[in-house]
Amino acid sequence: MNSLLVFYSRKGTTKKIAELVSNSLNCEYEELIDTKKRTGFIIGFLKCGYDAMREKMTKLHETQKNPELYDLIILGTPNWGSRMTPAIRTYISDNKTKFKNVALFCTEGGRGGPELFEQIAKLCEKEPLSTLEITKKEIKNDNHIEKINSFIQEISSN
Ligand SMILES: Cc1cc2nc3c(=O)[nH]c(=O)nc-3n(C[C@H](O)[C@H](O)[C@H](O)COP(=O)(O)O)c2cc1C
């Protein structure tokens, strides 16, 4: 299946998983760049949480790839309060009419993945072919590779 992986990462964890998935699938990818400053331990963190919980949109740097040209769009986001990031919300809202199929992944501290996926699926108006929830602990203990392989197998069997 001709796939495009689209992701947002504030601190690099989701980017690390995005790279592993896109390398394994040998697919193209697009990193979303949020123009809103989201750095800083206290203010940055609080603003991120507030914007995600209020289901805020943001302004993204212009994207390069046309999602209409792909059979599958794989969407990756950090979990912010069991919500998607404003960057992914904005991308989906702007492009979802061009999606044929979706698969979803998130990275997180440890809770809220299923709720997050439910919200993304609802916004996409599509049931995902597969989902992948990866915690930072799983990455630390090297348990993420097996999960990524199952995710890819599930995608490839469609
Ligand atoms: C504002 C904010 C809210 C978060 N909320 C959750 C949460 O509800 N559940 C969880 O497991 N992790 C939560 N996390 C942790 C992130 O999902 C986790 O660190 C993620 O891997 C970060 O991805 P990144 O390095 O690609 O930015 C939150 C992090 C931030 C900044």
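A short reminder: the numbers here are calculations on the coordinates, not readings from a lab. Only a predicted model underlies this, so the values are computations on that prediction, with no experimental measurement involved. Note that each Cβ is placed from the backbone with ideal geometry, even for glycine, and that neighbours are counted across all protein chains shown.
Remarks
- Qualifying residue in region 78-89 (condition: of a type outside the set (Val, Ile, Thr) and without any contact (Cβ under 8 Å) to a residue 24 or more places away in the chain): no
- Residue in region 14-22 that is near the ligand (Cβ under 8 Å from one of its atoms) and of a type in the set (S, T, N, Q) present: yes
- Scan region 67-87 for residues that are more than 11 Å from the ligand (Cβ to nearest atom) and either under 23 Å from residue 24 (Cβ atoms) or among the aliphatic types (A, V, I, L, M) (or both) and the total you get is 8.
- Among the residues of region 107-123, those that are more than 21 Å from residue 21 (Cβ to Cβ) and within 11 Å of the ligand (Cβ to nearest atom) comprise 111, 115.
- Taken over region 11-38, the criterion of being of a type outside the set (A, V, I, L, M) and assigned to a loop (DSSP other than H, G, I, E, B) is satisfied by 11, 12, 26, 27, 35, 36, 37, 38.
- When residues of region 18-55 are limited to those that are of a type in the set (Lys, Arg) and touching a residue at least 12 places away in the same chain (Cβ under 8 Å), the one surrounded by the fewest Cβ atoms within 10 Å (Cβ to Cβ): 36
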